[in-house]
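Only the coordinates and a few stated rules stand behind these numbers; no lab work does. These numbers were taken from a predicted model, which means no experiment stands behind them. Here the Cβ positions follow ideal geometry from the backbone for every residue, glycine too, while neighbour counts run over all protein chains shown.
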Amino acid sequence: LPSTQRKERSKNQGSFSGFFVALPLFVFLTTFFQFGDPSISAVATFVTAFVCIVFAGLMRRFKRRNN
């Protein structure tokens, strides 16, 4: 039973990290097409990535508190 739980958790982590890679990329592309300015896209991407990292940290802490 514990091994299947571990497998599930790692699978969820994988899709989660994929989401965190895809979201900043998506933000970069949309802002770039919107403004046509790479510097604006870089700032928006950085902010998005930062928010993602903070959010992931909070989620991890929240999960740990629940368990």
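Observations on the model:
- Once the Cβ-Cβ distance of Thr30 and Arg65 is raised to the sixth power relative to R0 = 35 Å, the FRET efficiency obtained is 0.50.
- Here the gap between Phe19 and Ile53, fully extended at 0.36 nm per residue and compared with their Cα-Cα distance, gives a gain of 11.1 nm.
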